[in-house]
Amino acid sequence: MMQRFFFCAAFICAAVFLLFVLFSNHVRDVRADSSTETKYRLRYRFQKGDVLRWNVLQSLKIRTSVSGVEEVVETTSRSTKVWTVISVDNEGTATFEYLVDDVNMRQFQTDKDGAKVAEYNSRKDKNIPGTFINLDGTIGVPLAHISIDVLGKTSKKPLRIYSGSTSTENRIVIPLPKEPVAVGDSWSVVLPVEIGQPNGTVKKINARQEFTLFNIHSGIAVIKFATKVLTPLTPKEESQILDKFSFGEMELDLDAGHFIRQETTIDKRVIGFQGTGDNIHYLARLTECCCGLNSCELCSPKK
C-alpha cells in the first residue's frame, strides 16, 4: 500500500514538472512572438488628377500686457483648401496646384481705444475689409505649385504674390522616416529658426521637430509631433518665435498614401519679454480634415 502511495506521488510530481516545463516553454514562445514588432513603411502616394480638398479651422489669440496696458487680438477662420495633382514623376514626387476655394474670417481686437471687429466671408461679401486686404485676388485662383516627394520633402513655386503661410499650406505633410517603423518608434528633423538681433545680426536657433508613430488602427497611422527648442533663449527672443512651439497629431491613411486629419496646438506664455511684469500669451489651434471624412466635425458637423 505504501509503495503504491509513493509511486502515485512520484507520478504526480513528474506530471506536474512536465506541465511546468511545457508552460514555461509556452510563455517563452508567447514572449518571443510578442517581441516581434510589426514595422510599417510610411510613404506618400498620389495619382495625376487627384483632387484633395481640406476643411480648415484656424484660431489665434494673442494677449499682451505691457506696462499694465492689455491688448487682445483674436482671429478665427474657416476655409477650404484644394490641392490638384498635376503631375507625378517616376520616383513618386507629386506636384500640386494649390488654391484656397473660400474663406470665412473674423477678427476681434481690444486695446486702450476700445474694441474693433472685422469680418469677411468670400462667398457673400463683395468688399474686403482693410483688416483682410491681403486676401484680395487670392481666393479661388491658383496660388502656387507645391511639389512633395514620397518622404514629404517639399518645394514651392509661387504663381502670384500672396501672403499665404507655409505652415498652413504644407502642414498637412510632415517628413516621414526612410526606414520602416514600429508603433512607439520616433524620428526627428532639424527645424531652421533664426532670430534677428538689435545690431542687425541673426541668431541661429537649435530646434528640431520630433515625430512618434503613436498607434495604428483600421489602416490609419496616428503620428504625434512636437517642436523642441534646444538653444537657451531670453524672454524677448522667445516672444519672437512663439509660432514655432507647436505640438499635435496627424492621421495618415496607409492605403490612400496621404494624411486625412491633423490637429495642431501652440500654447506658449512668455513673462518679462519687454520688462518686469510684461507678458504675452500666444494660443493657436489648427484643425484640418480631408473633405468627406465622417469622423471630422468640420466635414460632418453636428446638427
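Bear in mind these aren't lab numbers, they're just calculated from the coordinates by the rules spelled out. Note that the structure is predicted; figures quoted are calculated from it, not measured. Glycine gets a Cβ as well: all are built from the backbone with ideal geometry, and neighbour counts include every protein chain shown.
Side notes on the structure shown:
- Length released on extending from D102 to N90, taking residue separation times 0.36 nm less the Cα-Cα span: 1.0 nm
- Rough spin-label spacing in nm, given labels placed 7 Å along Cα→Cβ, for V141 and R45: 3.7
- Estimated FRET transfer efficiency (E263, N215; beta-carbon r; R0 22 Å; 0.05): 0.90
- Two-site label geometry, L159 and S59: point separation in nm, points 7 Å out along Cα→Cβ: 3.3
- Local electrostatic count, E74, Cβ distance below 9 Å [Lys/Arg +1, Asp/Glu -1]: +3
- Computed FRET value (nearest 0.05) for D111 with T38, which takes r as the C-beta separation and R₀ as 51 Å: 0.40
- Evaluated at q = 0.16, 0.21 Å⁻¹: base-10 log I(q)/I(0), Debye formula over Cα of the range 173-250: -0.66, -0.93
- Gyration tensor over alpha-carbon atoms, the range 41-290, equivalent ellipsoid semi-axes in Å: 32, 25, 17
- In the structure shown, the pairs K224/K268; K156/K203; K126/K153; K116/K153; K124/K268 are assessed against 30 Å; a Cα-Cα span above that value is assigned to K126/K153; K116/K153; K124/K268.
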